[in-house]
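Participant: Once you've had a glance at the structure underneath, I'll fire off some questions.
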Amino acid sequence: MAGLRKEKPFEDLRRTSQKLVARIKAEVKSKAEAKALRERGAIGPSKPDPIQELQIKGKKLVAKIQAEVKQAKIDDDARFLKNWFDKPLVTGAVSPSSKALARKMASYVDPESMGPVIELGPGTGPVTDALLARGIAEERLVLVEYNPEFCKLLAKRYPKATIVQGDAYALEATVAPHLKKPAAAVVSSLPLFTKPEKLRLALLNRAFALMTPGAPFIQFTYATVSPVPRKGADFEAHVSPRVWKNLPPACVWVYRRLQA
């Protein structure tokens with residue numbers, strides 16, 4: 001099992017790259033100046049070429065950054081796998097949502113809408129990243145996570161967001177105290193099928209009570225049917241095409257309360 005990676009693993013690399021760029025700018029201000037150096041014999045076969053040296057260092061730096069990025073992805077997968085083995089009914093997935101699935105979920109949130117955006121079960125933050133990329137300000141995010149290890153990770157990765165450790169199925173007690181205005185959306189990665197139908201439906205109704213009229217409750221599932229029972233429902237439901245780039249493939253359901 002891979003160990004937990006250090007937070008902000010790229011800071012040293014960024015500083016190194018900044019120094020490298022500064023050296024390049026200082027030693028060679030333009031291609032014309034480099035050409036002049038060669039013509040004067042200041043650099044050549046018998047003398048080290050500072051440009052080539054810096055290019056080699058730059059390539060090594062890029063390779064190191066790529067390795068760090070790959071390791072960060074492995075470590076997030078390891079976190080999910082470990083927590084799935086420990087508590088499979090709570091974690092629900094063996095790996096974080098793919099970027100494709102996260103983008104699909106975030107696409108149903110209107111960045112121009114008013115109010116906070118509640119995310120249930122953010123885990124290590126793949127959907128959170130997609131929400132930020134969508135244009136949702138970090139300050140608007142209310143991340144509700146049951147796992148204390150993930151909560152610590154989220155607090156470091158998203159310091160401007162509101163991190164709430166608690167039971168997402170008890171939204172009145174867990175989330176309501178942190179809301180100053182109705183929510184613009186609820187985005188859920190909870191494993192709903194591990195809960196009874198009545199509890200799933202109760203969660204949806206609690207979420208509707210915290211949101212502005214017509215706001216979406218967004219839920220992904222690996223199943224081919226709605227994770228919230230629809231028989232006799234007072235809400236409308238829309239399902240996305242299946243996201244085949246996610247493993248396993250998943251689809252996104254969007255629920256909105258019917259207006260009287």
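Each reported figure results from applying straightforward, stated rules to the coordinates on display, with no laboratory input. Just so we're clear, the structure is a prediction, and the values are computed from it rather than from any experiment. Note: ideal-geometry Cβ built from the backbone for every residue, glycine included; neighbour counts use all protein chains shown.
Participant: So, counting K/R as plus one and D/E as minus one, what does the shell of residues with Cβ under 10 Å around Ala215 add up to?
Facilitator: Surrounding charge for Ala215 is +1.
Participant: Considering the alpha-carbon set of segment 212-260 alone, what are its Rg and its Dmax in angstrom?
Facilitator: 11.9, 39
Participant: Continuing with this model, one more query. Assuming 0.36 nm per residue, please report the length gained on full extension of the stretch Ala155 to Phe193 beyond their Cα-Cα distance.
Facilitator: That works out to 10.9 nm of additional length.
Participant: Hey, another quick one. So if R0 is 25 Å, what FRET efficiency would Glu139 and Ala100 give, r being the distance between their Cβ atoms, rounded to the nearest 0.05?
Facilitator: Plugging the Cβ-Cβ distance into 1/(1 + (r/R0)^6) gives 0.40.
Participant: Given H placed on each backbone N at 1.01 Å, which residues far from Ala250 in sequence or on other chains put an amide H within less than 5 Å of it?
Facilitator: Placed amide hydrogens put Val243 under 5 Å from Ala250.
Participant: Please report, to two decimal places, log10 I(q)/I(0) for segment 91-257 at q = 0.17 Å⁻¹ as given by the Debye formula with identical point scatterers on the Cα atoms and no solvent.
Facilitator: One equal scatterer on each Cα of segment 91-257 leads to -1.00.
Participant: Sticking with this one: R0 = 30 Å: FRET efficiency of Arg230 with Leu179, Cβ-based, nearest 0.05?
Facilitator: Rounded to the nearest 0.05, the efficiency is 0.65.
Participant: Ok, one more. What's the lysine pair count for segment 152-234 at a Cα cut-off below 25 Å, pairs eight or more apart or interchain?
Facilitator: 7
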